[in-house]
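Reviewing the structure listed below.
The values are calculated or read from the model by the stated rules, or taken from the named source; none is laboratory data. Since we're looking at a predicted model, the values are computed, not measured. Because the Cβ atoms are built from the backbone with ideal geometry, glycine has one as well, and the counts that use them run over all protein chains shown. Accessible surface areas use protein heavy atoms only, side chains included; no ligands, DNA or RNA. Shrake-Rupley method; radii C 1.70, N 1.55, O 1.52, S 1.80 Å.
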Amino acid sequence: MTLSKVVLYKKNRKIKGYHGTDLNNRQGIVDNNYNESKSNEWLGDGVYFFIEKVQNEPVKDAENWAITEAWDNTKRKYKYNEYVVLESEIKINPDKLLDLDTEDGIKIFNEVRSTIEKSIVNENKKIKSSVKRTQIDNIIFTFLKKKSSIEFVKSKMYIKFENTRKYLIESRIPNVCILSVSNPKKNIQKKTINEVKKGVINDVDI
Amino acid sequence: MLTYKKFEKQFLGNIASMTSADIINELEDLGLEFDDIKEDKPETAKPIVMQDERSSYNSNDSNIYSLAA
């Protein structure tokens, strides 16, 4: 068992998470705490943090994410040119944590997916072919959170940053470890939110 | 840590009164889109008369005579 796992499973322990975003969002978050994002492809609705090193340090992952997210592919321009990485202390209640790096975590997810599968079969339906695999997972997570006390979902996963997105490099092998946090006002103390990095996006980056 | 046993109790308790249709409706509210599966019916065999009408060996087909000539 790694050190981070020991820390995560102790009662109400705090861990540090890193969140990359538009610099213009910084003051609102520092003053009012985070808003849950309606994620379309990750671990259900919640605030997202990079928490452990997989390929890079989590602070670097958060920075890369802020830069990647700045690009609006439809309008072919940046939505913002300055980004910030915020560090926050997250108070984790282990009884509300779904950890997909554990056997029980995987079993829980599969139980919910099986229940959904049975309903689809019973109702003689099929998911529209236009729905992406990642969207289906995301909806399963949101459903699972609604039907249980789960407020934290942790998983190693693969996400595409600048180049992997630009050059369409798909993969199933994880490159980051993320934590989705519901109910941020309860689980993240506002006073622990600190800026740890900021930067300017160069127009030739992407 | 949340174990499978603890979760199972919560989850099954929360969905106990839900039918399959309720679950599908809730998933649709969350943005999942479905198509109905159409019943697969075996293709109806063509009547023999129709096959005969399309046959090139029909004695009324003038092309047969012109080719033979």
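Just to check your reading of the model, which residue among B:N60, B:N25 is modelled with pLDDT of 90 or more and open to solvent by 70 Å² or more (accessible area, probe 1.4 Å)? Just one listed residue meets the conditions, B:N25.
Looking for something part of a helix (DSSP H, G or I), more than 14 Å from every other protein chain (Cβ to nearest Cβ) and either modelled with pLDDT under 90 or within 19 Å of A:S148 (Cβ to Cβ) (or both) - is there at least one such residue anywhere in the stretch B:29-48? The answer is yes, given that some residue of the stretch B:29-48 is part of a helix (DSSP H, G or I), more than 14 Å from every other protein chain (Cβ to nearest Cβ) and either modelled with pLDDT under 90 or within 19 Å of A:S148 (Cβ to Cβ) (or both). In summary, A:N187 fulfils each of the numbered conditions (1) of a type outside the set (D, E); (2) touching a Leu at 6+ places or on another chain (Cβ under 8 Å); (3) within 20 Å of A:A62 (Cα to Cα) with the single exception of condition (2).
Per the listing A:K146, A:K132, the residue uniquely in contact with a Leu (Cβ under 9 Å, 6 or more places away or on another chain), open to solvent by 70 Å² or more (accessible area, probe 1.4 Å), more than 7 Å from chain B (Cβ to nearest Cβ) and farther than 19 Å from A:I51 by Cα is A:K146.
Identification of helices (runs of 4 or more DSSP H) wholly contained in the stretch A:83-193 with 3 or more residues that are touching a residue at least 40 places away in the same chain (Cβ under 8 Å) yields A:133-146, A:162-166, A:184-187. Out of curiosity, is A:K191 of a type in the set (K, R), surrounded by 14 or more Cβ atoms within 10 Å (Cβ to Cβ) and within 24 Å of A:E36 (Cβ to Cβ)? The answer is no for A:K191.
Condition check: surrounded by 13 or more Cβ atoms within 10 Å (Cβ to Cβ) and at the interface with another protein chain (Cβ under 7 Å from one of its Cβ atoms). Does A:K91 satisfy that? When the stated conditions are applied, A:K91 does not pass them. Residues of the stretch A:64-82 that are at pLDDT below 95, in a strand (DSSP E or B) and open to solvent by 60 Å² or more (accessible area, probe 1.4 Å): A:K77 alone. Among the candidates A:I139, A:I159, A:I108, A:I116, which residue alone is more than 7 Å from chain B (Cβ to nearest Cβ) and buried (at least 17 other Cβ atoms within 10 Å of the Cβ)? Selected residue: A:I159, the only one of A:I139, A:I159, A:I108, A:I116 that is more than 7 Å from chain B (Cβ to nearest Cβ) and buried (at least 17 other Cβ atoms within 10 Å of the Cβ).
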